[in-house]
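The values are calculated or read from the model by the stated rules, or taken from the named source; none is laboratory data. Predicted model, so just to flag it, every value in this text is computed and none were measured. Every residue, glycine among them, receives a Cβ derived from its backbone with ideal geometry; neighbour counts consider all protein chains shown. Heads up: the accessible areas ignore ligands, DNA and RNA and are worked out on the full protein's heavy atoms, side chains in. Shrake-Rupley method; radii C 1.70, N 1.55, O 1.52, S 1.80 Å.
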Amino acid sequence: IHTVQPISEVQNIEIYIYEYHKWQSLLDSLKSISGTHLISGHNDNLLPMIEYLGANVEKDKLGHLEYDNLFKVTIQEGEVTGEIIKY
């Protein structure tokens, strides 16, 4: 929560908490909602989650200590885009 809370407050975005290995149902609900979605997770499930949504962020894997990426997934009228933002 600490990772996404600052941007959530600034952008007035609601935070949904998912179980580590049970994220499919949350993402299924996001697929039908237009807008920008910020997903925070661990290095071993974050990229599969982004791929599950249909976004391509051109990153094959995340290092265990790699913390300088924000992944922005936008769903607009059924079209999904992904972007990596370095901070």
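Output the qualifying pairs, or none if there are none: Cβ atoms under 6 angstrom, residues six or more apart or on different chains, first residue in the stretch 66-87 and under 15 Å from LEU27 (Cβ atoms), second residue open to solvent by 60 Å² or more (accessible area, probe 1.4 Å) and in a loop (DSSP other than H, G, I, E, B).
The qualifying pairs are ILE75/SER34; GLY82/ASN56.
Pick out the one residue from GLU58, GLU9, GLU51 that is among the acidic types (Asp, Glu) and either crowded, with 16+ Cβ neighbours inside 10 Å or in contact (Cβ under 8 Å) with a residue 24 or more places away in the chain (or both). Break it down stepwise before answering.
Numbers: GLU9 fails: either crowded, with 16+ Cβ neighbours inside 10 Å or in contact (Cβ under 8 Å) with a residue 24 or more places away in the chain (or both); GLU51 fails: either crowded, with 16+ Cβ neighbours inside 10 Å or in contact (Cβ under 8 Å) with a residue 24 or more places away in the chain (or both).
On inspection, the qualifying residue turns out to be GLU58.
Report, by residue number, each residue of the stretch 68-87 that is surrounded by 13 or more Cβ atoms within 10 Å (Cβ to Cβ) and not in a strand (DSSP E or B).
none
Kindly list, by first and then second residue, each pair from a residue in the stretch 24-40 that is open to solvent by less than 50 Å² (accessible area, probe 1.4 Å) to a residue that is assigned to a strand (DSSP E or B) and modelled with pLDDT under 80, limited to pairs with Cβ atoms under 8 Å and residues at least 6 apart or on different chains.
LEU30/HIS37
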